[in-house]
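Here is the structure we will look at.
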Amino acid sequence: MKVYPPSLLIPPVSRACGTVVLPGSKSISNRVLLLAALSSSVCRLSGVLEAEDTDRMKEALSTLGVDVRRDPSDASSYMVRGCSGRFPVRTARLFLGNAGTAMRTLCAALALFGGDYILDGVERMRQRPIGPLVDALRALGADVHCLQGSGCPPVQIGPMAGIGPRCSITGSVSSQFISALLMAGQVYAGPSGLVIDIDGPLISRPYVEMTLRLMKRFGAEVEDRGNSFFVPGGAYRLGAPLRVEGDASGASYFLALGALAGGPVRVEGAGSASIQGDVEFARVLERMGARISWGPDWIEARAPESGKLRGIEVDCTAIPDAAMTLAAVALKAEGPTKLTGIGSWRVKETDRIAALQTELRSVGAKVASGEDWLTVEPTQALRAADVRTYGDHRIAMTMSLAACAGVPVRILEPGCVAKTYPTYFDEFAAVTGCEF
Ligand SMILES: O=C(O)C1=C[C@@H](OP(=O)(O)O)[C@@H](O)[C@H](O)C1
Ligand SMILES: C=C(OP(=O)(O)O)C(=O)O
């Protein structure tokens, strides 16, 4: 994996153009690795993201005895021999870093299977919620609890399998809980299937829709009843090889560069045919005045003819990750930009509302925030700053865009991009012509 220095000084960016071939989607990669592992077939997956979050998932599956190996005939592909939901290793301690998509989904799969497992992660993972998922799994009969009683990892799983017919879970904390119950529910459900009722509104819904689309690729037809899901139960099988799309959240930084600094910047690997909700980010940029064009698997962004983007108000409930990028775009827009529906930012890699407010203010921006919103007002008084990243890849990538507002920014601990986009700053340099 790429090694970064302790800081990177990004000079002011006045021009960005070029093409970026996106790395594989984190969300799709970790889902298909797990679905393949749970399946009753040998699955070929190509375009899988190579980054910390997917490394944690692959390591965990290998520890559980699943045969996950690179395809000798194609270095970017993996062959996964599914274990039909019966993990060969029944006792294990898994370290899942800060990968929500590994922690939540493996917690559900292993709790419904039953065994002697501990799931843990980095310090921040021990502050990220998992209690509602654990409670739903217990309602299904699983023997699972949060070891420190805090509603956060580490999680301990015992031998009793969970195959109850119905559970309910809040939709307002993390959609990953629901994706986790859906994917595991299919394999471990009893003869009458599993009903998952969602309490209250469901945030980040496109990620649940992505889960349903991928489960379908593995032969599982979930019934989406709006505020509940019926999972019929049965084995997963993958026929044709599956290609992972490029990461649409990662695309947002480069589309923003095109909109802020001339363009065109084209991203390849995700487009109008994508199953990722974050491609909607391009439509938000368009509302701000950027010129956007699309193909099925590419998107291109250019600055407005006038060169001036407009500030807008956006409900970001469906695009929590790409939404962060908007906070940096707002630095160069005319008028304030208000992001709403971002309460979930508080429980991600860091408290992203607090962190972005602090770091945007450090470059001189006018920022206000509340429990689930953030407003950024453009100002002429921006200044050079050292930007802290809080171990959060998206703070590093978002704040790198502040250089488009005409000031140098020094990104501290830039290596945190390895969580989902290890080569991010190389691509940034190629598109902007910056040397650092
Ligand atoms: O299911 C997924 O792959 C994800 C869902 C989202 O989390 P929440 O559902 O917690 O908002 C998103 O922020 C995360 O990066 C990936
Ligand atoms: C929230 C994120 O990750 P995780 O999958 O760990 O929740 C993210 O990538 O922005």
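None of the figures in this text is laboratory data; all of them are computed from the coordinates on show. Small disclaimer: the values here were computed from a predicted structure and weren't measured. Here the Cβ is made from the backbone with ideal geometry for all residues, glycine too, and neighbour counts use every protein chain on show.
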Choice from Thr91, Thr420, Thr389 showing the highest fluctuation, given a GNM over the chain with Cα pairs closer than 10 Å: Thr91
Mean-position separation - Cα centroids, region 13-77 and region 402-436, in angstrom: 23 Å
Cβ charges +1 (Lys, Arg) and -1 (Asp, Glu), total dipole of the chain, debye: 160 debye
Enclosed volume per residue, in Å³, of the convex hull spanned by Cα atoms of region 347-389: 54 Å³
Dipole of the chain, positive direction: furthest Cα of Leu412, Ala385, Pro153, with charges on the beta-carbon: Pro153
Among 355-363, 196-204, 25-33, the order from most to least packed when residues are scored by Cβ within 10 Å on average: 25-33, 355-363, 196-204
Computed over region 132-279: relative contact order in percent, which uses C-alpha pairs under 8 Å that are six or more apart: 17 percent
Centroid-to-centroid separation of region 320-393 and region 224-294 [C-alpha atoms, Å]: 22 Å
Cα-based equivalent ellipsoid of region 124-281: semi-axis lengths in Å, sorted from largest, via gyration tensor: 32, 21, 14
Within the chain, percent of DSSP bridges classed antiparallel, to nearest 5: 65 percent
Within region 341-382: Cβ-based charge dipole about Cα centre, in debye rounded to nearest 20 (Lys, Arg +1; Asp, Glu -1): 60 debye
Ordering of 394-401, 149-156 by packing [mean C-beta count within 10 Å, highest first]: 394-401, 149-156
Ordering of 130-138, 376-384, 240-248 by packing [mean C-beta count within 10 Å, highest first]: 130-138, 240-248, 376-384
Residue among Ile292, Gly200, Leu119 farthest towards the positive dipole end of the chain, charges placed on Cβ: Leu119
Most mobile listed residue (Gly190, Gly234, Gly226) in the chain, GNM with C-alpha springs under 10 Å: Gly226
Relative contact order for the chain, counting Cα pairs under 8 Å that sit 6 or more residues apart, in percent: 19 percent
Kirkwood hydrodynamic radius of the chain, Cα pairs, Å: 21.9 Å
Burial ordering of Trp294, Trp345, fewest other beta-carbon atoms within 10 Å first: Trp294, Trp345
Computed helical MRE - 222 nm, the chain, DSSP H runs ≥ 4 contributing -39500 (n - 2.57), nearest 500: -9000 deg cm²/dmol
Average silhouette area of region 24-115, convex hull of alpha-carbon atoms, in square nanometres: 5.2 nm²
Compactness of region 26-227 as Cα Rg over 2.2 N^0.38 Å, two decimals: 0.94
